[in-house]
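As structure tokens, the structure follows; a few thoughts come after it.
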Amino acid sequence: MKRFSLPNFMLWAGLTFIYLPMLILVIYSFNHSPLPTVWGGFTLDWYAKLANDREILDGLALSLKVAFLSATASVVLGTLAAFTLVKYRRFSGRTLFSGMISAPLVMPEVIIGLSLLLMLVALQRSTGSSLFDRGLTTIWLGHLLLGMAYATVVVQARLGDLNPQLEEAAMDLGARPLQVFVLVTLPLILQALASAWLLTFSLSLDDVVVSAFLSGPGSTTMPLVIFSRARLGLNPSVNAVATVIIAVVAVGVTVGSLWIARAERRRAADIQAAQRTG
């Protein structure tokens, strides 16, 4: 019989605290009763009604589109920012640049959303362009500002742990800086890039505060739809759409993890083969 271990207990208690509410949500998405606290039997009616709920479906489609675009752009810009901070220790304005990258991490989202709204309104009035109308583009810009900061932190931590001798060896063999980055650095930070993408995707998908400031008529994200319905009382159709999102995210994380693990095993096998032939 295993002895009681406080670290294991704390681990399982934390996992239970995080995932038990999700499990309950999934179970109650099949609840026949419209009351969220009363079990009325198993049913798939809420999923059938979800297929005809244009408000939630449109909000979900917009949220997924914004999350995909903001996560992708955040990883690209965050990687460039992290590479600059790690590889170039001294340059004019480095402290200011680092502070501006980290500011969204500690700044209240209300302040970020309000400041972005005022800036976009000023740009719209000065230019007269419809590009700054509140909608997909403005929401994407707000989520990009937040996501880039998180992506930079994740990628910067991985770049700081890399062995610089690997890149130096590639340059000694005649590789140019771009080739070194693509052929050596990029494969080594692939897991960090995937983690940063998943993190920023999740942050964008459930953002409410910034989206509330930057969304306009006809561009309501799914969290805003759910938040507005919560004032009148939620029904199991919201649990159904949440279950669909949990399933999609779980499949995506599983597939991504398997792909990264396979790539790491292949890279390790190539290194061992090169060492044997060398």
| field | Residue check for VAL110: assigned to a helix (DSSP H, G or I), modelled with pLDDT of 85 or more, among the hydrophobic types (A, V, I, L, M, F, W, C) and surrounded by 16 or more Cβ atoms within 10 Å (Cβ to Cβ) | value | no
| field | Flag for GLY99 being without any contact (Cβ under 8 Å) to a residue 60 or more places away in the chain and assigned to a helix (DSSP H, G or I) | value | yes
| Pick from region 45-67, criterion among the acidic types (Asp, Glu) and in a helix (DSSP H, G or I), ranking: surrounded by the most Cβ atoms within 10 Å (Cβ to Cβ) | ASP58
| note | Within region 139-194, residues open to solvent by less than 50 Å² (accessible area, probe 1.4 Å), not in a helix (DSSP H, G or I) and not small (Gly, Ala, Ser) come out as LEU162, ILE189
| task | Could you tell me which of the residues SER202, SER237, SER211 is open to solvent by 50 Å² or more (accessible area, probe 1.4 Å) and either of a type in the set (Lys, Arg) or part of a helix (DSSP H, G or I) (or both)? | result | SER202
| Since SER219 meets every condition but one in (1) crowded, with 17+ Cβ neighbours inside 10 Å; (2) modelled with pLDDT under 80, which condition does it not meet? | (2)
| message | With under 26 Å from SER211 (Cβ atoms) and of a type outside the set (Phe, Trp, Tyr) as the only criterion, which of LYS65, LYS87 stands out? | response | LYS65
| field | Cβ-Cβ under 9 Å pairs, at least 6 apart or on other chains, region 178-194 side in contact (Cβ under 8 Å) with a residue 24 or more places away in the chain and within 15 Å of LYS87 (Cα to Cα), far side in a helix (DSSP H, G or I) and of a type in the set (Val, Ile, Thr) | value | ILE189/THR79; ILE189/VAL155
| So ARG229, is it modelled with pLDDT under 85, more than 24 Å from LEU44 (Cβ to Cβ) and not in a loop (DSSP other than H, G, I, E, B) | no
| Residue among LEU144, LEU178 that alone is modelled with pLDDT of 80 or more and touching a helix residue (DSSP H, G or I) at 6+ places or on another chain (Cβ under 6 Å) | LEU144
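Yes/no per residue for (1) surrounded by 13 or more Cβ atoms within 10 Å (Cβ to Cβ); (2) of a type in the set (A, V, I, L, M, F, W, C); (3) touching a Pro at 6+ places or on another chain (Cβ under 8 Å); (4) within 30 Å of PRO34 (Cβ to Cβ):
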site: SER228; (1), (2), (3), (4): yes, no, no, yes
site: ALA247; (1), (2), (3), (4): no, yes, no, yes
site: GLU264; (1), (2), (3), (4): yes, no, no, no
site: ASP270; (1), (2), (3), (4): no, no, no, no
| field | Check on ARG94, touching a residue at least 40 places away in the same chain (Cβ under 8 Å) and surrounded by 12 or more Cβ atoms within 10 Å (Cβ to Cβ) | value | no
| query | Which one of these does LEU258 not meet: (1) part of a helix (DSSP H, G or I); (2) touching a residue at least 60 places away in the same chain (Cβ under 8 Å)? | reply | (2)
| Regarding ASN8, is this residue assigned to a helix (DSSP H, G or I) and of a type in the set (S, T, N, Q)? | yes
| said: Test of understanding: among LEU120, LEU80, which residue is of a type in the set (A, V, I, L, M, F, W, C) and crowded, with 19+ Cβ neighbours inside 10 Å? | reply: LEU120
| field | Residues satisfying the stated conditions in region 6-55, i.e. closer than 16 Å to VAL244 by Cβ and of a type in the set (Gly, Ala, Ser) | value | SER29, ALA48, ALA51
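The values are calculated or read from the model by the stated rules, or taken from the named source; none is laboratory data. On a predicted model such as this, the values are computed, not experimentally measured, just so you know. For neighbour counting, all protein chains shown are included, and Cβ atoms are generated from backbone atoms with ideal geometry for every residue, glycine included. Accessible surface is based on the protein model in full, side chains and every heavy atom, while ligands, DNA and RNA are left aside. Shrake-Rupley method; radii C 1.70, N 1.55, O 1.52, S 1.80 Å.
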